[in-house]
1. Note the angle between two axes, namely the Cα long axis of helix 2-18 and the longest principal axis of the Cα atoms of the chain, as a number of degrees from 0 to 90, rounded to the nearest 10.
2. As a test of the formula, what do you get for the chain when each DSSP H run with n ≥ 4 contributes -39,500 (n - 2.57) and the sum is divided by the residue count, at 222 nm and rounded to the nearest 500 deg cm²/dmol?
3. May I ask for the angle, rounded to the nearest 10°, between helix 26-36 and the longest principal axis of the chain, with both axes built from Cα atoms and the value confined to 0 to 90°?
4. Convex hull over the alpha-carbon atoms of region 55-101: what's its volume per residue in Å³?
5. Relative to the longest principal axis of the C-alpha atoms of the chain, give the angle of the C-alpha long axis of helix 60-69, reported between 0 and 90° and rounded to the nearest 10°.
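Read the figures in this text as sums done on the coordinates, not as results from a lab. Since this is a predicted model, take the numbers as computed values, not measurements.
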């Protein structure tokens, strides 16, 4: 019985170790936002050169798509995908922006 319990424990640990790391969370999004977005949108999303993002009506998916794909209807730099922002980074930034109130 002890051997079986030890085997199950080690198997569980091995499975957990083999999983991909969790996706970026809002905390990582805050760091990326500060580095890449705050110069235009303000440190707290209050707006500066770019529009305010606090309380935006855009969904997190819309924000992530804007960062990764761009939108011809937007002003630069958002006409094109943002350089150096991965899909995971964009999702984390979008989740962070949605927390701004």
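1. Its long axis makes an angle of about 20 degrees.
2. Theoretical 222 nm ellipticity from helices: -16500 deg cm²/dmol.
3. Helix 26-36 sits roughly 40 degrees off the main axis of the chain.
4. 68 Å³
5. Tilt of helix 60-69: around 80 degrees.
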